[in-house]
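Just dropping this structure here.
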Amino acid sequence: MPKYIIREATVNDIDFIIEAIIEAEKSGSEILSYSTVFNLSENELRKIFRLMLLEEIDGCEFSISSYLIAENDNTIAGTIGAWVEHEISPSSIIKSNLLGYYLPKSSIIYAALRAKITSELHIDHVIEALSLEIVYIRTTHRGNHLFELLSDAHIKRNKGIKELAVQVMANNDYAIRTYERYGFKQSFVIKSDDEMIKQFLPFNEKILMKKTL
Amino acid sequence: MEENLIVTKLEQIFREVFGNETLIISREMSANDLEEWNSLNHMILVTEVENVFSIKFKLKDLNKMRNVGDMIDIISSKL
């Protein structure tokens, strides 16, 4: 088993964080929801994500401070982006402020016209829980318990938290098994019967999983 | 522009964005109070506010907004 170190992400990790956000959003499919919802190419989004991350605003998946990085021999193996969700500053609003500031207005209008379809799989973040939002382990490092190592480290740096939460597409069996092994249990399932939704999102069913500490 | 006029215009924007013709806003209202106030609708809301009031928020303005009252104060400071 390779020996990994876990460390806080820095601005030098931006390229990997962008890769993690994109791959986690795709959830094993070829559909990048940010691309389909905002009608932008992956390359255009990479540039926008970089600008958002460089703002270094805390509290959402576009915050460098949310990420812990696993490294082996100076090579990045994986990351988890996580934060404690607070009622006074919802991560969804922090994220949409960043997106709204950097996205072209035409993209927001495009998304607005399709909001009814894409919002059908929305699940609120769990207040005061540690939300594991972006989970990404490079394929060559899977099976080495990096999810457990990174999650343990996130718990350690958020002393006092009592609950973990993660949202996952229902067809991502590998991720669900990994979360269940760590003690997560399915808490809520939401499904859309709108045939159009698979044009915008990787799957039409999403699960909220929780683990009590 | 007087605050009550800002509130009237803002309330109309909220009603259109959130699809609720009888919605009454208050200074204390926040994203936690409206189920429809999700990330996408928040972006649409901000865009509509900028269009209607002919203003442009800075990112730091957006990050200071915790509720409708903050939004009213920031709009007022830009008019």
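The values are calculated or read from the model by the stated rules, or taken from the named source; none is laboratory data. Since the model is a prediction, treat every value here as computed from it, not as a measurement. Methodologically, a virtual Cβ is constructed for each residue, glycine included, from the backbone with ideal geometry; neighbour enumeration extends over all protein chains shown.
Can you tell me which of A:131, A:41, A:65 is free of Cβ contacts under 8 Å to residues at least 60 places away in the same chain, closer than 15 Å to residue A:14 by Cα and more than 10 Å from chain B (Cβ to nearest Cβ)?
None of the other options fit; the residue is A:65.
Could you check how many residues of segment B:20-65 are surrounded by fewer than 18 Cβ atoms within 10 Å (Cβ to Cβ) and either in contact with a strand residue (DSSP E or B) (Cβ under 8 Å, 6 or more places away or on another chain) or polar (S, T, N, Q) (or both)?
Total meeting the criteria: 6.
Follow-up. Against the definition (in contact with a Phe, Trp or Tyr (Cβ under 7 Å, 6 or more places away or on another chain), modelled with pLDDT of 90 or more and more than 27 Å from residue B:37 (Cβ to Cβ)), how does residue A:149 come out, yes or no?
Yes.
Can I ask one more? Have a look at A:93, A:108, A:88, A:57 and point out the one that is in contact with a Gly (Cβ under 8 Å, 6 or more places away or on another chain), within 8 Å of chain B (Cβ to nearest Cβ) and not polar (S, T, N, Q). Please lay out each step first, then the result.
Working: A:93 fails: in contact with a Gly (Cβ under 8 Å, 6 or more places away or on another chain); A:88 fails: in contact with a Gly (Cβ under 8 Å, 6 or more places away or on another chain); A:57 fails: in contact with a Gly (Cβ under 8 Å, 6 or more places away or on another chain).
Exactly one residue qualifies, and that residue is A:108.
Quick one: what pairs do we get from segment B:33-58, first residue without any contact (Cβ under 8 Å) to a residue 12 or more places away in the chain, second outside any helix (DSSP H, G or I), C-beta under 7 Å, 6+ apart or different chains?
Close Cβ pairs (under 7 Å, with a partner that is outside any helix (DSSP H, G or I)) amount to B:38/A:122; B:50/B:56; B:50/B:57.
Assess whether residue A:161 counts as being within 14 Å of another protein chain (Cβ to nearest Cβ) and among the β-branched types (Val, Ile, Thr). Lay out the reasoning, then the answer.
Values: within 14 Å of another protein chain (Cβ to nearest Cβ): no; among the β-branched types (Val, Ile, Thr): yes.
Answer is no for this residue.
OK, next. Does at least one position in segment A:26-34 carry a residue that is of a type in the set (Phe, Trp, Tyr) and at pLDDT below 95?
Yes, there is a match, as at least one residue in segment A:26-34 is of a type in the set (Phe, Trp, Tyr) and at pLDDT below 95.
Residues in segment B:40-63: is at least one away from chain A (no Cβ under 14 Å) and closer than 18 Å to residue A:88 by Cα?
No - not one qualifying residue is present in segment B:40-63.
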